Amino acid sequence: MVRFDRAVAAVLLLITLGFSALTAQQIRSVATSQEIRMAVLSAQPGDEIVVNDGVYDLGETLIITRSGKEGLPITIRAKNRGKAELTGSSHITVKSASYVVIEGFLFTMTNGPAVLLEGSNNIRVSRNIFRLKETKQSQWLHITGNPKEPLRRSHHNVIERNLFEKKSQLGNYITLEGSKKPELLISQYDTIARNHFRDIGPRVENVLEAIRIGSSEFTFARSHTIIEQNLFERCDGDPEVVSVKSCDNVIRHNTFFECFGVLSLRHGNRNTIDGNFFLGNGRTGTFLDSTGRTWQLGTGGVRFYGDSMTIVNNYFEGLTGRKWDGTIAMTSGNAEYGQGLPLTKHYRSRWTLVAFNTLINNASHLEIGYDGEGFQGNWWHLPPSDITIANNLIVGSTDTLINLYTEPINAKWEGNILHATDDAIGMSRPVRTGVAMKYVALEKRDGFWRPAAGSVPVDGAEGEYRTIVADIEGQPRVAKKDVGADEQSTAPVRNRPLTASDVGPDSK
């Protein structure tokens, strides 16, 4: 009997402790700026702070230093998505904290950053609308180190399902950096996913990218950032829509629609661009630079420098950019690693793989070795070296499908198929092997062109390329791969061109 009583008492104690733990997690409804501040100051792991509909000016930066726990985050969210507006000076700084969720707000404050993460980890910024009122240069969301704890690195933060729109002053929608002293510590393992970036511009010469990952100081820093399944629409502010300036990042399964500029691997090494859609829709424009020169603007694809880049499974259609804004722009460089030159230079591309991409009806297609033509007194005389260009499908009716401004050094060409129609020319210079001029039957299905059944690219790839295991739709590549971004398959489609309903605050 005593043993039974003790057992019952033990069970009751566990139930009581469990109930106490549950009741300790509070849901707090707040309706004033002061209530928001007080709730944040006393928040405990698992607490949820629900901000009622209304317009709030917090008067000064809201600093969050409280941390949640894995599975028990501190959540600060709008009661109704987009109905709690933070305006005026309502900036949010998360400082040396972890496991915090910021969700559902409309940010309209004056200048940024609307959200600043300093030396923080496992922060989730989700389903917000960023529409700031700008009077000067600023970043809208900034991930970096904590100046007072410079050795505390930011990491594993998630920026997902937000809308960023209507930025016109210098700065970025999202900037990811880190501490620079006493040592370089860039934020690591962050994810930027399912966001909608649109209408940034008009064009300036520099510093108006939608996203920047790193800077020249972080050229050799390993960031391991993932940018995936985002929609970029009319992001026109900078020659670089997304500027990657660090190492070991992955940009995959995004859609770039009518953007003046390119996805640029500007600094760093070992970055990957995989399975993205670049859709130009034939859009063009003009830009008057600071010297009074008028430039023709075009929608671009990718441009890259540095070592060991991977550009695979991408689809490019209707792009109008050339040279710096070309569809695949592999320009020459003006510096070599080890020369002691500033890291702001354009370092020669080496050991890069460009494979299994599809390029359809662009103003330019694959451009290699452009030297800058003396722009701003500069020449780029170091052509790409030791590159592999394999199993790409290029179809076009104008210009030159492969334009070699300068011959690359020790390049490997394999399995590429060109279909030049109307006035198009296959190549500006002959290549001995690895490029074939053939008729390609195409069909448009699910938003993009692909080889028809039985067409030449089907099962036509050369080489094994074992690391490329899926196509642009996420379908498996079989033993005998198809040339281009698409593999004929009946497997489920996991990736397709994105629309506004697929991303942003209201997406599933």
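The residue that is farthest from T225 (Cα to Cα), among those in region 164-209 that are surrounded by fewer than 24 Cβ atoms within 10 Å (Cβ to Cβ) and hydrophobic (A, V, I, L, M, F, W, C), is V204. Listed by first and then second residue, the pairs linking a residue in region 99-116 that is within 14 Å of T61 (Cβ to Cβ) and in contact (Cβ under 8 Å) with a residue 24 or more places away in the chain to a residue that is among the hydroxyl-bearing types (S, T, Y) and surrounded by 23 or more Cβ atoms within 10 Å (Cβ to Cβ), with Cβ atoms under 6 Å apart and 6 or more places separating them unless they lie on different chains, are M109/S90. Applying the condition of being outside any loop (DSSP other than H, G, I, E, B), in contact (Cβ under 8 Å) with a residue 60 or more places away in the chain and out of contact with any helix residue (DSSP H, G or I) (no Cβ under 9 Å at 6 or more places or on another chain) to region 200-233 and asking which residue is farthest from G301 (Cα to Cα) yields E217. Looking only at region 248-266, filter to residues that are hydrophobic (A, V, I, L, M, F, W, C) and surrounded by 24 or more Cβ atoms within 10 Å (Cβ to Cβ); which one of those is nearest to the chain's Cα centre (by Cα)? My answer is I251. Scanning region 257-278 for residues that are under 19 Å from I472 (Cα atoms) and assigned to a loop (DSSP other than H, G, I, E, B) yields N271, G275, N276.
Under 19 Å from the mean Cα position of the chain (by Cα) and part of a strand (DSSP E or B): is that true of V125 in this structure? Step through it out loud before you land on a result.
Details: under 19 Å from the mean Cα position of the chain (by Cα): yes; part of a strand (DSSP E or B): yes.
In short, yes.
For region 373-392, the count of residues that are under 28 Å from the mean Cα position of the chain (by Cα), at pLDDT below 95 and crowded, with 22+ Cβ neighbours inside 10 Å is nonzero.
As a summary of the residue check, R293 satisfies the conditions (1) among the basic types (K, R); (2) under 21 Å from the mean Cα position of the chain (by Cα); (3) surrounded by fewer than 18 Cβ atoms within 10 Å (Cβ to Cβ) except for the one numbered (2).
Among the candidates E85, E60, single out the residue that is at pLDDT below 95, under 29 Å from S168 (Cβ atoms) and over 26 Å from the mean Cα position of the chain (by Cα).
Answer to the selection: E60.
Taking the conditions exactly as written (touching a residue at least 24 places away in the same chain (Cβ under 8 Å), crowded, with 24+ Cβ neighbours inside 10 Å, among the polar types (S, T, N, Q) and out of contact with any Lys or Arg (no Cβ under 7 Å at 6 or more places or on another chain)), does N269 satisfy them or not?
Details: touching a residue at least 24 places away in the same chain (Cβ under 8 Å): yes; crowded, with 24+ Cβ neighbours inside 10 Å: no; among the polar types (S, T, N, Q): yes; out of contact with any Lys or Arg (no Cβ under 7 Å at 6 or more places or on another chain): yes.
So N269 does not fit the description; no.
Look at region 447-466: where a residue is closer than 14 Å to K481 by Cα and a partner is outside any loop (DSSP other than H, G, I, E, B) and β-branched (V, I, T), sitting 6+ places away or on another chain with Cβ atoms under 7 Å, you get V456/I417; P457/I417; G460/I417. For region 460-486, enumerate the residues that are more than 23 Å from Y439 (Cβ to Cβ), within 24 Å of the chain's Cα centre (by Cα) and charged (D, E, K, R). The answer is E473, and nothing else.
The values are calculated or read from the model by the stated rules, or taken from the named source; none is laboratory data. What you are looking at is a predicted structure, and each value in this text was computed from that prediction instead of being measured. As a convention, Cβ positions derive from the backbone with ideal geometry for all residues, glycine included, and neighbour counts pool all protein chains shown.
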